[in-house]
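Report on one structure; see the data block that follows.
The values are calculated or read from the model by the stated rules, or taken from the named source; none is laboratory data. Everything quoted here is computed from the prediction, not taken from an experiment. Here the Cβ positions follow ideal geometry from the backbone for every residue, glycine too, while neighbour counts run over all protein chains shown.
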């Protein structure tokens, strides 16, 4: 078989595969969360959020809106060194903002099976 025929068969198969994926998987809400940071943030976003009294006071004292929490949980960085990942039944994660305007804010989140409680909001130095 000539090299040009091999490329033609490969291109035909590749085209059919891409069309299959686009056609059948385009309407699905699929996502890839392979890294630990992305998996933790996705799990917290999927749970029901509650705010502790201390967190609500911190929002008032630091002039921070609760919408900042959703922005940090969307693109934040989890500090696994400081977090208590082996704690039972609820794990505690420290998540800081990734963008320039939110990088000095850090959330303390207690992540349980069905709820995620925002425990505190801190200003990093």
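The lone criterion from (1) in a helix (DSSP H, G or I); (2) within 19 Å of the chain's Cα centre (by Cα); (3) farther than 20 Å from residue 122 by Cα left unmet by residue 18 is number (2).
Being closer than 15 Å to residue 109 by Cβ and at pLDDT below 85 is a property that residue 22 lacks. Within the range 21-52, the set of residues being surrounded by 10 or more Cβ atoms within 10 Å (Cβ to Cβ) and part of a helix (DSSP H, G or I) comprises 21, 36, 37, 38, 39, 40, 41, 42, 43, 44, 45. Within the range 53-73, the only residue that satisfies the criterion of being exposed (fewer than 13 other Cβ atoms within 10 Å of the Cβ), modelled with pLDDT of 80 or more and touching a helix residue (DSSP H, G or I) at 6+ places or on another chain (Cβ under 9 Å) is 70. If the condition is being within 15 Å of residue 42 (Cα to Cα) and part of a loop (DSSP other than H, G, I, E, B), then the range 98-115 contributes 112, 113, 114.
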